[in-house]
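The values are calculated or read from the model by the stated rules, or taken from the named source; none is laboratory data. Keep in mind that what you see is a predicted model, and the values were worked out from it rather than measured. FYI the Cβ positions are ideal-geometry reconstructions off the backbone, even for glycines, and counts take in every protein chain you see.
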Amino acid sequence: MSSLLRVRRAQSPLKGRVRVPGDKSISHRAILFASLAEGVSEIEGFLDGADCNATCGVIRALGIEVEAPSPTRRIVHGRGLEGWRKPTQVLDCANSGTTLRLLLGPLAGRPFTAVLTGTPQLCSRPMGRVTVPLRELGAEITGAAESTRAPLTIRGGALSGLDHRSRVASAQVKSCLLLAGLFAPGGVRVTEPAASRDHTEILLASMGAPLVRAGLQVSISPPTSPLRPIQLEVPGDPSSAAFLLVAAAIVAGSHVRLERVGTNPTRSGLAAALRSMGADLVESSSLDLSGEPTADLVLRQAPLRGIRLAGAEIVRAIDELPVFAVAATQAEGETVIADAGELRVKETDRIATTISELRKLGAEIEERPDGMVIHGPTPLRGCDVESHGDHRLALALAVAGLVAEGETVIHGAEVTGDSFPGFAETLARLGGEIVEESS
Ligand code: S3P
């Protein structure tokens, strides 16, 4: 069902403490890896969003029982590395690039044929970055655009070994190949140009996988004993926390506390960028959850100034760049986002869509091939804007609406449930004037 978000300019500061939903990347991995373990895994704080539920769906279609006793709890009855069965239906990854790319890894090691597909949006995203190295490793893959686009047909089997230097810093590529490495007698080594998120390494190592990390290199080989099941509490998603942090950073007088958010250094680029801009953001009550660091994030509004964000910092903030651009519209001076060409192959071309929608609100932004330049501070004016089917864009526009004159209406807002179910209620609890309506 399609919906829209109506957001009014905040008349008072955002205040209070809230929790954000569980981490999307970790939720996907927990289900997928647990299905490869031998025994029963229990996952608390699971992200009950469309993308992660697509992962549950395909894992079930591969013959693994996944129970959902509550929206945020999953119980997975893993049957070991050889436990996936030939699916009797096409594996529908919906709109989730993480589901499709990670799934291809273990499928490369299984001796049956599977077909993977998803929304037209997913089928337009580049898959050659995983299909090319998987074919080199020994998997048979065919698909659209010379096997670089879904739908993809994969037949796994006898794999060799692989030493792969990835052109892009992508955790999806790295994770896909490491998962294939669990089935590759010759082992798999992946080297990245910069450090992408390392949730796969943390979780697989905790399950007993023989994984070795050395700087930007990770190696893995088939385990000599079964992977151990997991008992996991998923941290709050820093990519979802980002929307509330920016909201509090731009609404005058705000003071918010976001509880138990993941603070993994490979994900904390937005927090670091906000601090460089002048935000008063501190961590307290640090707690380790199964190898993943978490903390409460406490932000008090303070004036922001423009900065340059580039290089490895972009990788640490890749999903937060649309909302970072919103913060930049309210910062004094120029903000430059560079080296962010990967944004063009996310759920949408996020350079183009972020610029087109923020311009409608009155933002002054110049487009660059690999990013954008934002001039601030700019007064924004509420109007009708479009999500383009991109959850992170819809959420970023809702945050912009908090400082835009009058009312901002975000169309196509149903996608916010991909990563942040309950966003409108959570923001309203902090004092934001926001409602979701069906459209
Ligand atoms: C993800 C990795 C990132 C990120 C995506 C989730 C993951 O993609 O943008 O939202 O869970 O591994 P890339 O690995 O393609 O950069």
Looking at the range 418-439 only, could you name the residues that are of a type outside the set (A, V, I, L, M) and either in a strand (DSSP E or B) or in contact with a helix residue (DSSP H, G or I) (Cβ under 6 Å, 6 or more places away or on another chain) (or both)?
418, 419, 420, 423, 436, 437, 438
Select, from 179, 204, the only residue that is in contact with a strand residue (DSSP E or B) (Cβ under 6 Å, 6 or more places away or on another chain), surrounded by 23 or more Cβ atoms within 10 Å (Cβ to Cβ) and not in a strand (DSSP E or B).
204
Can you tell me how many residues within the range 296-318 are within 22 Å of residue 21 (Cα to Cα) and not β-branched (Val, Ile, Thr)?
6
Is one or more of the residues making up the range 214-231 under 21 Å from the mean Cα position of the chain (by Cα), in a loop (DSSP other than H, G, I, E, B) and among the charged types (D, E, K, R)?
no
Determine which member of the set 69, 126, 111, 87 is within 14 Å of the ligand (Cβ to nearest atom) and surrounded by fewer than 19 Cβ atoms within 10 Å (Cβ to Cβ).
126
Quick one: would you say residue 254 is touching a Pro at 6+ places or on another chain (Cβ under 7 Å), within 29 Å of residue 48 (Cβ to Cβ) and without any contact (Cβ under 8 Å) to a residue 40 or more places away in the chain?
no
Condition set among the small types (Gly, Ala, Ser) and surrounded by fewer than 15 Cβ atoms within 10 Å (Cβ to Cβ), scope the range 279-311, selection nearest to residue 25 (Cα to Cα): answer is 291
Quick check on this structure: which one of 14, 62 is of a type outside the set (D, E, K, R), surrounded by fewer than 24 Cβ atoms within 10 Å (Cβ to Cβ) and more than 17 Å from the chain's Cα centre (by Cα)?
62
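Residue under question is residue 52, and the condition is that it be of a type outside the set (Ser, Thr, Tyr), in contact with a His (Cβ under 6 Å, 6 or more places away or on another chain) and within 21 Å of residue 177 (Cα to Cα); does it hold? Can you show your working first?
Details: of a type outside the set (Ser, Thr, Tyr): yes; in contact with a His (Cβ under 6 Å, 6 or more places away or on another chain): yes; within 21 Å of residue 177 (Cα to Cα): yes.
Judged against the criteria, residue 52 is a match.
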Taking the criterion of being under 16 Å from the mean Cα position of the chain (by Cα), of a type outside the set (Gly, Ala, Ser) and under 30 Å from residue 248 (Cα atoms), would at least one residue in the range 39-47 satisfy it?
yes
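Given the criteria under 15 Å from residue 400 (Cα atoms) and of a type outside the set (S, T, N, Q), does residue 244 qualify? Before the answer, list the steps.
Working: under 15 Å from residue 400 (Cα atoms): yes; of a type outside the set (S, T, N, Q): yes.
It is true that residue 244 is under 15 Å from residue 400 (Cα atoms) and of a type outside the set (S, T, N, Q).
Only residues that are over 25 Å from residue 96 (Cα atoms) and out of contact with any Phe, Trp or Tyr (no Cβ under 9 Å at 6 or more places or on another chain): list them for the range 158-188, please. Give the steps one after another, and end with the answer.
From the range 158-188, those over 25 Å from residue 96 (Cα atoms) are 158-163, 184-187; that's our starting set.
Residues satisfying the conditions are 158, 160, 161, 162, 163, 184, 185, 186, 187.
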Reported set for the range 287-327 where residues are within 16 Å of the ligand (Cβ to nearest atom), β-branched (Val, Ile, Thr) and within 21 Å of residue 235 (Cβ to Cβ) is 315, 318, 323
Selected residue (only one of 371, 389, 341 is under 22 Å from residue 249 (Cβ atoms) and modelled with pLDDT of 95 or more):
371
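Considering 381, 305, 368, 316, which residue is charged (D, E, K, R) and under 23 Å from the mean Cα position of the chain (by Cα)? Spell out the reasoning first.
Values: 381 fails: under 23 Å from the mean Cα position of the chain (by Cα); 305 fails: under 23 Å from the mean Cα position of the chain (by Cα); 368 fails: under 23 Å from the mean Cα position of the chain (by Cα).
Going through 381, 305, 368, 316 in turn, the sole match is 316.
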